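Q: Before I ask anything, let me first share the structure, which is written out below as structure tokens.
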Protein chains: 2
Amino acid sequence: MNGRFPIALHIMTLLCKEDRLLPSDYIAGSINVNPVLIRKELSNLIKHQLVTSQEGKNGGYKLNQPPKKITLAAIYEAVRPETILGVAKNQPNPACPIGKQINQHLNELYQEIDHSVMQKLDKTNLLEFCDKFN
Amino acid sequence: MNGRFPIALHIMTLLCKEDRLLPSDYIAGSINVNPVLIRKELSNLIKHQLVTSQEGKNGGYKLNQPPKKITLAAIYEAVRPETILGVAKNQPNPACPIGKQINQHLNELYQEIDHSVMQKLDKTNLLEFCDKFN
DNA sequence: TGTACTGTAATATTTTTTATTACAGATAAT
DNA sequence: ATTATCTGTAATAAAAAATATTACAGTACA
């Protein structure tokens, strides 16, 4: 789980709750981060077909699917780093028999964990998550 | 899952595989990071009673329990940050009804996920993990 | 034709992580 | 007992990653 997930989920929650075109500045104001960062994450969410945008005046962003159809797993999937965090940057000593093999075994372990996280996140959809808010 | 876990697991694997007092320099050499970082993580592992140390010449570190008794969950537990990653540093706008509540709901979600990760990690012990190495 | 948006690049700043230096204290070997 | 080799830990530096800022082209509504 990385730092982008809370931002992506926050964005998706806003888009779900306020069922209209929201500009990036509005979203950035709620999350309290820079609008450019939000537009970048929105670009990514568009790429994953979770969001659509409308350019120009009175434009903004909205959900591309009914929130009931969007699982938290799909949101996580969109922000998940391609190489699993914490493994890729390690460069253990290849001369050491343990160091030489550890990343392979770590990757297997991480994939198993990732799988169980996805299963968990797949059980909740965006509408259900949003219903928790007063 | 943070960046300390791979290091902690690598340390524990080395201590398991080489059943003798290992100095921090040796461990650092296998992981390819600075020895002081290793000693810091070892301090933490000692605090969690997974490892013991012997000071002075020919000293070093060794496991404090038989590897069969040490689950990967116990290792993860030792390096898990107290405040859940990615939530604590977010400071959403309290004037926004969504922003005001999001961290609470994120925390609940993260705790659920964390719980399922722990369940998964609880199923493998250090000996089993080490047996995967040739 | 102006205004308010998106999209994106380039750069700067801040934060986090990791490395380095330094040294006191412990203990085994000589 | 003296020396060498460790741990333990603090203080600082450097590197890397995350985030913010600035800038501006393109789009579409009014």
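The values are calculated or read from the model by the stated rules, or taken from the named source; none is laboratory data. This is a predicted model, so every value here is computed, not measured. Note that each Cβ is placed from the backbone with ideal geometry, even for glycine, and that neighbours are counted across all protein chains shown.
Q: Would you say A:I38 is within 13 Å of DNA strand C (Cβ to nearest atom) and either closer than 18 Å to A:P81 by Cα or of a type in the set (V, I, T) (or both)? If you could, list the steps in order and put the result at the bottom.
A: Numbers: within 13 Å of DNA strand C (Cβ to nearest atom): yes; either closer than 18 Å to A:P81 by Cα or of a type in the set (V, I, T) (or both): yes.
Criteria met by A:I38.
Q: Quickly run through region B:2-49 and pick out the residues that are outside any helix (DSSP H, G or I) and either more than 10 Å from chain A (Cβ to nearest Cβ) or closer than 16 Å to B:L72 by Cα (or both). Talk me through it step by step, then tell me what you get.
A: Of the residues in region B:2-49, the ones outside any helix (DSSP H, G or I) are B:2-3, B:18-23, B:32-34, B:48-49.
B:N2, B:G3, B:D19, B:R20, B:L21, B:L22, B:P23, B:N34, B:H48, B:Q49, listed by residue number.
Q: If you don't mind, another one. Run A:I102 past the list (1) β-branched (V, I, T); (2) within 14 Å of chain B (Cβ to nearest Cβ); (3) touching a residue at least 40 places away in the same chain (Cβ under 8 Å) and report the number of the one that doesn't hold.
A: A:I102 satisfies every listed condition except (3).
Q: Looking only at region B:1-41, count every residue that is over 19 Å from B:L127 (Cα atoms) and not hydroxyl-bearing (S, T, Y) and tell me the total.
A: 19
Q: With (1) more than 30 Å from A:K123 (Cα to Cα); (2) away from chain A (no Cβ under 14 Å) as the list, and B:A78 as the residue in question, which single condition is left unmet?
A: Result: B:A78 fails condition (1) only.
Q: Here's something else I'd like to know. Given (1) modelled with pLDDT of 95 or more; (2) within 10 Å of DNA strand C (Cβ to nearest atom), where does B:G3 come up short, assuming only one miss?
A: Every condition holds for B:G3 apart from (1).
Q: Related question: Test each condition in (1) farther than 21 Å from A:P66 by Cα; (2) in contact (Cβ under 8 Å) with a residue 40 or more places away in the chain for A:S30 and report the one that comes out false.
A: (2)
Q: Which one of these is touching a Pro at 6+ places or on another chain (Cβ under 9 Å), within 14 Å of DNA strand C (Cβ to nearest atom) and closer than 27 Å to A:E128 by Cβ: A:S30, A:S53?
A: Numbers: A:S53 fails: touching a Pro at 6+ places or on another chain (Cβ under 9 Å).
A:S30 is the lone residue from the list that is touching a Pro at 6+ places or on another chain (Cβ under 9 Å), within 14 Å of DNA strand C (Cβ to nearest atom) and closer than 27 Å to A:E128 by Cβ.
Q: Residue by residue through region B:10-31, note down the ones that are touching a helix residue (DSSP H, G or I) at 6+ places or on another chain (Cβ under 7 Å), under 19 Å from A:K89 (Cα atoms) and surrounded by fewer than 21 Cβ atoms within 10 Å (Cβ to Cβ).
A: Scanning region B:10-31 gives a single hit, B:A28.
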